[in-house]
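The values are calculated or read from the model by the stated rules, or taken from the named source; none is laboratory data. Please read all numbers here as calculations on a predicted model, not as lab measurements. Note that we place each Cβ from the backbone using ideal geometry, even for glycine, and neighbour counts take in every protein chain shown.
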Amino acid sequence: MSMKDKFNSLKVWLAGFSVVTLVIGGIIFGVLSWGGFNWAMELTNTEQFCISCHEMEDNVYMEYQNTIHYSNRTGVRATCPDCHVPKEWGHKIVRKIKASNELLHKALGSINTREKFENKRLKLAQNEWARMKKTNSRECRNCHDFESMDYTAQGRRAYKRHIKAVDEGQTCIDCHKGIAHELPDMHEVDASVVVGQKSN
């Protein structure tokens, strides 16, 4: 059957329905499609999903459990998507599309052992730091923001560094590398990249 014949068959089939039925059917289909898409987006935006592969659970998740973002005096926890996935819908879609590259590396077994992970840790960290720098640490600012900080309640060192960061147009990741995960071996990296690497 040619494409033209298929198209004509579809027209004949649709002609059997009233315009109202087609509109209502289209609306229902649209709502179900949109709802299904959003459901899938939210399902893949949970910590449980993030650690469903052993590469994440056995490496970065184990490290994260020993940080202030996991357990602290206020009981507020920042989960994987809080730090690695934007809240805004458009930015979230772009991030999800880019993150789909991880599926390829999952299939290739790029970091499926601790040794492979450690060998790629520096590159993975640099990619994430570059992403955060490019977005002005957007995900950090969901909870932390210079304008909302009470500098008088901070320690002298933190106060001075935050004021300097504001004056110099720095962003969170410029100083807070290694705050939620172990730092990679940095002995071959330019020292300027590591400044303030573990500030809390």
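At a glance:
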quantity	calculated
Pairs, first in a helix (DSSP H, G or I) in region 113-129, second surrounded by 13 or more Cβ atoms within 10 Å (Cβ to Cβ), C-beta under 6 Å, six or more apart	F117/N59; F117/I111; K120/I111; R121/P184; L122/P184; A125/P184; W129/I173
N72 within 25 Å of L124 (Cβ to Cβ) and without any contact (Cβ under 8 Å) to a residue 40 or more places away in the chain	no
Set A153, A165, A130: member being farther than 26 Å from N45 by Cβ, hydrophobic (A, V, I, L, M, F, W, C), exposed (fewer than 15 other Cβ atoms within 10 Å of the Cβ) and at pLDDT 90 or above	A153
In region 59-112, the residues that are assigned to a loop (DSSP other than H, G, I, E, B) and of a type in the set (F, W, Y)	Y70
Residue check for I173: at pLDDT 90 or above, out of contact with any Asp or Glu (no Cβ under 9 Å at 6 or more places or on another chain) and assigned to a helix (DSSP H, G or I)	no
Among the residues listed as N59, N45, the single one being in contact (Cβ under 8 Å) with a residue 24 or more places away in the chain and either surrounded by fewer than 12 Cβ atoms within 10 Å (Cβ to Cβ) or under 19 Å from P184 (Cα atoms) (or both)	N59
Output for region 70-87, where each listed residue is surrounded by 10 or more Cβ atoms within 10 Å (Cβ to Cβ) and of a type outside the set (A, V, I, L, M, F, W, C)	Y70, S71, N72, R77, T79, P81, D82, H84, P86, K87
